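Please read the structure below before turning to the comments.
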Amino acid sequence: ALLLAVCPMHVSMSQEVRPYALMFFLALACGLCYVRARERNRLVDWVVFAVVMFAMLMTRWTDPHVVVLGIGLHALSAQVQARHDGFEKRREERTIFRRIAISTIAACVCYAPFFWIVLQYQSVAIRSPSNDWSTRFGSLLYEAFAALFAGYSTRTVFVALPGSRWLALTGALLTLIGLLAALLRCKRADSAFWWIFLPYPFVYAFVYAMLGNAVPKPQYLLVMAFIVFACVALALDTARACLKRPVLQRAFLAVMLSLLAVPMARASWNSLERFDKRDWRGAMGYLKQHARPGDVAVCLGSDTVPPAFRPKAYGKDRYGPEHLKFIPVSTDTPLGAFADAGWTSSNNRLWMLVYTDRMYTGVDQVVPPKRVSDATAIRSFNGLFLVELGRGKPAIERLMDAIGEWYAVLPAEASMSAPAMLRWRYAVSR
């Protein structure tokens, strides 16, 4: 519980109110409801289990399905193991297995209409199998594992964190020891709650690695925190049992937990401060004073903006001026989103809000690159740059030219995929 509370990736996802945090909570609740229903075997507990499973399935595209797979595998293994027990035990296990099947089927039937929508949405993301899937598999597991202990980030920032490699190595060693201990003393350590999450990191990483050029995202493997921290706890408990005196046992646990929890808490604190909301408010305050009717503001890489401050497409931002048109750009923004924003006009001014945060560059302050040809001014608000593009060419051409010049001088780790994809689609359309 302590390691989970200071897990940098989970703290970061919760801070940004991302769906991964909600899925993580419901996966946790689903596991607990599964254990409770198995222990009590009452109708009301199985109904609650089915409802929570349905809610978990609704939170993410693919992640919850692997959790359901883990529950099914555990129920099946428990059914097989019960064959060697007495008659009463076998009959009880058959009853539990039937209720697990009914609850799971009921949740999946309710989810089926939404699953069809998921399949249609995900079909555009499926690529041809990658020839380098084994390397991607290892890279994805490595990134996700390191992010649990050292902070959610790209690899650039992970390397920059003090002591992060030692921390990740210690966590990996303890996880391996705990997993081996669990396998060696399976009867004593049989816990339905965390065994159901065992297939998750391996199955999901394998499937995701098989996709073509999909970029590995560590937050997709956030649920592996269950199995990782359970293994760490089991490893520490196994080592503690080797000490005879209670004082030595408590001292050992205190030292080991402090060696893990204190650096993780520091990384979590860095995650909390990664987005300084004064960046966004400062830029909005400036726009309130200087933006005019007819101006357009484009937020590049809007996935990096905290949702509480993210402007809605075609809507008004609660901190921005009411007469300013906002268009957030993400990886799936179509060119049609700019159709009614006056992009053919050469008279309106264009504002680019560009995030080049510590998350991408590993430094506290990013030095603005050289001024692009269409920019009349570049203002820095900590991790956010407000680029003013003057008049002269149609707005869409000014934007695309500025994107090309801006990201050409940034390091590769600082570039974001959303603006690059937008510029590519525009070039193809021409």
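The values are calculated or read from the model by the stated rules, or taken from the named source; none is laboratory data. Remember, it's a predicted structure, so these values are computed and weren't measured experimentally. Neighbour counts are summed over all protein chains in view; Cβ atoms, including those assigned to glycine, are modelled from backbone coordinates with ideal geometry. Remember, those area values only see protein heavy atoms, side chains included, never the ligands or the DNA or RNA. Shrake-Rupley method; radii C 1.70, N 1.55, O 1.52, S 1.80 Å.
The one condition from (1) at pLDDT below 70; (2) within 23 Å of the chain's Cα centre (by Cα); (3) of a type in the set (A, V, I, L, M, F, W, C); (4) under 22 Å from PHE229 (Cβ atoms) that ALA144 does not meet is (1). Residues of the range 384-395 that are surrounded by fewer than 20 Cβ atoms within 10 Å (Cβ to Cβ) and of a type outside the set (Asp, Glu): GLY390, ARG391, GLY392, LYS393, PRO394.
Go through the residues of the range 404-417 one by one and say whether even a single one is open to solvent by less than 60 Å² (accessible area, probe 1.4 Å), at negative phi and modelled with pLDDT of 75 or more. Within the range 404-417, one or more residues are open to solvent by less than 60 Å² (accessible area, probe 1.4 Å), at negative phi and modelled with pLDDT of 75 or more.
Applying the criterion of being open to solvent by 50 Å² or more (accessible area, probe 1.4 Å) and under 24 Å from the mean Cα position of the chain (by Cα) to the residues of the range 258-302, the residue that is modelled with the lowest pLDDT is LYS277. Out of all the residues in the range 199-257, which are among the small types (Gly, Ala, Ser), surrounded by fewer than 21 Cβ atoms within 10 Å (Cβ to Cβ) and at pLDDT 85 or above? Result: ALA233, ALA239, ALA241, ALA251, ALA254. Whenever a residue of the range 39-57 is within 19 Å of LYS89 (Cβ to Cβ), its partners that are surrounded by fewer than 16 Cβ atoms within 10 Å (Cβ to Cβ) and not β-branched (Val, Ile, Thr), lying with C-beta atoms within less than 8 angstrom and at least six residues away or across chains, give the pairs ASN41/GLU92. The residue that is nearest to the chain's Cα centre (by Cα), among those in the range 66-97 that are surrounded by 13 or more Cβ atoms within 10 Å (Cβ to Cβ) and more than 20 Å from LEU198 (Cα to Cα), is ILE96. So which residues in the range 222-265 are assigned to a loop (DSSP other than H, G, I, E, B) and of a type in the set (Lys, Arg), if there are any at all? If the condition is that a residue be assigned to a loop (DSSP other than H, G, I, E, B) and of a type in the set (Lys, Arg), then LYS244, ARG245 are the ones that fit.
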